[in-house]
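The values are calculated or read from the model by the stated rules, or taken from the named source; none is laboratory data. On a predicted model such as this, the values are computed, not experimentally measured, just so you know. Every residue, glycine as well, gets a Cβ built from its backbone with ideal geometry; the counts of neighbours run over all protein chains shown. What goes into the accessible areas is simple: the full protein's heavy atoms, side chains included, and nothing from ligands, DNA or RNA. Shrake-Rupley method; radii C 1.70, N 1.55, O 1.52, S 1.80 Å.
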Amino acid sequence: MNNALDNPAYRHLFDNNRAWVDRVRRTDPGLFERLAQQQAPKYFWIGCSDSRVPANEIIDLAPGEVFVHRNVANVMPQSDLNALSTLQFAVDILQVEHVLVVGHYHCSGIKTVLDGRRVGLADNWLGHVREVMDSHAGRLADLSGPQARYDRLCELNALEQARNVCRTTVLQDAWSRGQNVTVHACIYGLKDGLLRDLDYSVGRASEIYRQFDVALRRLTSAAG
Ligand code: ZN
């Protein structure tokens, strides 16, 4: 009978897992028992599926500390039941205090849109990024070269998706209940491993648009 674990590439994962469990048990012997009881993360991470942008590792948090949703190009469409359900679970049930929308530079999804390339079914999903590009066409055209436009669209997409999170009924309802939850936009640099805040942090409904203008202005002036 064919044993899947005879495949070295697959087997590798289980070997790694055993070694990881040993390491965790040495540094925090009660972790798995605690986590089996409950999760109480303070953070909800909405990021790109890109293999180079793993949430826990980047912010150096252990299992149980960050709730995660990832998709191609870290998009938060108001019509996506998967993203919305994960957001609702994070905010209503887990009562996270911070929702981070984390874009990253060198995002293949963003590049595809910028270059106007077709990749297949994902083009439909990337339409959400195309909308961001179109609504900031003037701002992007003002930049000096393709790399600057690429970087800026990665930043603008993170900002726009964070604003989309703020516009959902999930956040609107949480804020109207007086719940302490703040939405942030950040961007991660593959070249240096650094996470940067994009000056968009919203803790109540009345701040959504004003804060967006502030973030846009800072982005533009920082580029100088
Ligand atoms: Zn990406």
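Quick notes on this one:
- Charge tally in the Cβ shell below 13 Å around Arg130, where Lys, Arg are +1 and Asp, Glu are -1, Arg130 excluded: -2
- Averaging the sequence gap over all C-alpha pairs within less than 8 Å and six or more residues apart, then dividing by the number of residues, gives the chain a relative contact order of 18 percent.
- Per-residue SASA entry for Val68, accessible area with 1.4 Å probe, Å² rounded to 10: 60 Å²
- Relative counts (whole %) of C-alpha pair distances in segment 29-140, using bins that are 5 Å wide: 2, 11, 18, 20, 18, 13, 9, 5, 2, 2, 0, 0
- Scaled against 2.2 N^0.38 Å for its residue count N, the alpha carbon radius of gyration of the chain is 1.12.
- DSSP H segments from the chain that extend 18 Å or more along their own axis, Cα-based, with Kyte-Doolittle mean of -0.5 or above: 208-223
- DSSP beta bridge pairing in the chain, given as percent antiparallel to the nearest 5: 25 percent
- Per residue, the accessible area of segment 19-101 comes to 54 Å², computed with a 1.4 Å probe over protein heavy atoms only.
- Portion, in percent, of the accessible area of segment 39-221 that falls on carbon or sulfur, probe 1.4 Å: 50 percent
- The Cα trace of segment 17-56 gives Rg and Dmax of 13.2, 32 Å, the first to one decimal, the second as a whole number.
- The share of alpha-carbon pairs in segment 89-171 lying farther apart than 17 Å comes to 52%.
- Contact order relative to length of segment 1-89, as percent, for alpha carbon pairs under 8 angstrom and 6 or more apart: 22 percent
- Per DSSP, loop trypsin sites (Lys or Arg not before Pro) in segment 83-129 with at most 13 further Cβ within 10 Å: Arg117, Arg118
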